[in-house]
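Written below as structure tokens is the structure these notes are about.
The values are calculated or read from the model by the stated rules, or taken from the named source; none is laboratory data. Predicted, not measured: the structure shown is a model, and the values here were computed from it. Counting neighbours? That spans all protein chains shown, and the Cβs are built from the backbone with ideal geometry, glycine included.
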């Protein structure tokens, strides 16, 4: 059996204004829609048994942890929370999204990678290294097994660069689509040590919500 990794993005979540009054990515857990999305994914996985998971990991942020807890019964494994799978800690909770994005677009992709948008928070390069180091550890630990990760859009993008083995990392150009509760499947090639993307951004379980 070849190693297999299913990456699931969390459901829609509750966003509230920051201290400055601008919308920030502060995480107050899944919204009502997000709960419905996660339940739809759980029902799909229960019905199809398409993922035979050996382990389920998620970030420690509420939106990812709650999504993982909802789908865990369908996978038959308990969710394990890892801080290394959290979203980029950019500082937007302090700065606000608009000021951060203004500065983001003033910089070139190379400048962004090493720019600290607020003291005490991560650069994009540090975020990339954190996520990819943990993914490398997990795929080696669970070689020839199936791992599920419930994570964030930025982590999905970091994983894309990790599995394909090229490019500077997230937020430097185009990026893979990753809707809420979408599934992306990576597996090791049968003939090489390379990884193959079987499918990406699968949200068939949400069709009835459209």
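Annotations for the structure displayed:
- First in the range 47-61 and farther than 28 Å from residue 89 by Cβ, second anywhere and in a loop (DSSP other than H, G, I, E, B), Cβ under 8 Å, 6 or more apart: 54/77; 54/142; 54/145
- Qualifying residue in the range 57-75 (condition: farther than 14 Å from residue 6 by Cα, exposed (fewer than 14 other Cβ atoms within 10 Å of the Cβ) and out of contact with any strand residue (DSSP E or B) (no Cβ under 8 Å at 6 or more places or on another chain)): yes
- Of all the criteria given as (1) buried (at least 16 other Cβ atoms within 10 Å of the Cβ); (2) in contact with a strand residue (DSSP E or B) (Cβ under 6 Å, 6 or more places away or on another chain); (3) farther than 25 Å from residue 107 by Cβ; (4) in contact (Cβ under 8 Å) with a residue 60 or more places away in the chain, the one not satisfied by residue 145 is (2).
- Filter result for the condition that a residue is crowded, with 18+ Cβ neighbours inside 10 Å and modelled with pLDDT under 90, over 96, 34, 11: 96
- In the range 64-105, the residues that are free of Cβ contacts under 8 Å to residues at least 60 places away in the same chain, under 19 Å from residue 37 (Cβ atoms) and touching a helix residue (DSSP H, G or I) at 6+ places or on another chain (Cβ under 8 Å): 66, 70, 73, 74
- Those residues of the range 17-31 which are at pLDDT 65 or above and either assigned to a helix (DSSP H, G or I) or exposed (fewer than 15 other Cβ atoms within 10 Å of the Cβ) (or both), in sequence order: 26, 28
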